[in-house]
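Each remark here refers to the structure printed beneath this line.
The values are calculated or read from the model by the stated rules, or taken from the named source; none is laboratory data. All figures in this text were calculated on a predicted structure; none of them were measured in a lab. Quick reminder, even Gly has a Cβ in these numbers, built from the backbone with ideal geometry, and neighbours come from all protein chains shown. Heads up: the accessible areas ignore ligands, DNA and RNA and are worked out on the full protein's heavy atoms, side chains in. Shrake-Rupley method; radii C 1.70, N 1.55, O 1.52, S 1.80 Å.
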Amino acid sequence: MNSCLRAQGGATATRRARFPALWSILLTGLVLALAPGAQAAPASVPSPTPPESAAGAPFGVRAGLYGLTTLTGGHFGYALKAGARIEDSAVISNESDEARTFHVYGTDVANAAGGGLAPAQEGQRMGAVGAWLKLDSEATVTVRPKSRATVRFSLAVPAGTPPGSYLGSLVTALRTPAVSGGVNTETRIARLVELTVPGTADLQVSLTELEHRPAGGGEEFTVTVRNTGNVLYTFAGTLHITGGSSPRTVPLTPTGLYVIPGGSATITGRLADLPALGRRTVTASVTATVPGGAAKTVDSNTVRLSSFPWLIAALTVGGLLALGLLLVIRHKRRRAWLRRRAEERTALRALRRELRAGNPPADDDPHESRAGGAEHP
């Protein structure tokens, strides 16, 4: 069969690039992954023309019907109804001077932990495009030096598949044997397979609780965006801060991330230069946009921050308490001194009254009194 495209079920269609910007940035996260016991090699970068060979790689992969069933950079894009099936192919070119054996397989694509998208590892359970994409030949193909080989595959959408966007990948891997006790290296080129099942688009965005923690003299805020709808979208987020002299905004990063249906991505923002005294309210706002389509903005919960100079306040209170204690001690000492002075004045007045009345004060020692009387009659 000369043509690699064959529609079945009476309801298949291909489409041209709907997301040109998407495919130009996603391949870097999809090209390489370290195989068990292997070391990753440099990634290839998609180009707007059919790539015969990846940059720095000994081979290249392009779509068999480039421009008919492909998106920018040689990725595959289809619009198929549930229950429909389509056939296509990939052309592998061996740029080296010796025969190479390649391993070809289909996988699902998921959101990577650090952001962006990545193909699933071979051997993982596939639930969407990775399971629907079937090779028409063996999973391994040997290509002669400076030659090409065509690998045909089919993509069948199960009946009853809900409308929406589905992402997968056609991976071509080259394992380089270890040399003199070294390690195996595996170079993988992943061509995205973007499938749209026509139907009602459901753009749904949900946010987790906006969390925060102290960081570098300020506050770091984190929120996770979840795609609970059926369409692929990109999003951008912003922190809105109110309170104080005027409202302000802080961008949430990273920006421009794509989230597949059922996927999620976490973004963060840092609020620095908090005032020493005052109250602030912080809310995250995220706008999700379907490329060339609708947009939707959702807001998170509101976090309230109260800034107070606790150290200065503690030192001030401690100083005031110490000063108060000193004043109390001095007051008590003065009262005791005044009490003694009053007692002394009372005793002196009594002595004077007795002297005026001719009654000398009695001596405490009678022997001493008698001796004194003999000497001084």
Residue span Thr268 to Leu355: 0.36 nm per residue of separation minus Cα-Cα distance leaves a gain in nm of 21.9 nm
Note, Ser246: beta-carbon cut-off 15 Å, +1 each Lys/Arg, -1 each Asp/Glu, net +2
The simple spin-label model distance between Ala294 and Arg341, using points 7 Å out along Cα→Cβ, in nm, is 9.0
The long-range amide H neighbours of Ser96, using H built 1.01 Å from N in the peptide plane and a cut-off of under 5 Å, are Lys146
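Considering only protein heavy atoms and a probe of 1.4 Å, how much of the accessible area of the range 185-270 is carbon and sulfur, as a whole percent?
Details: 1770 of 3600 Å².
Accessible surface attributable to carbon and sulfur in the range 185-270 totals 49 percent.
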Thr346 neighbourhood, Cβ < 15 Å, K/R = +1, D/E = -1, net charge +4
So for R0 = 56 Å, FRET eff. of Ala322-Ser96 from the Cβ-Cβ r, to 0.05, ends up at 0.10
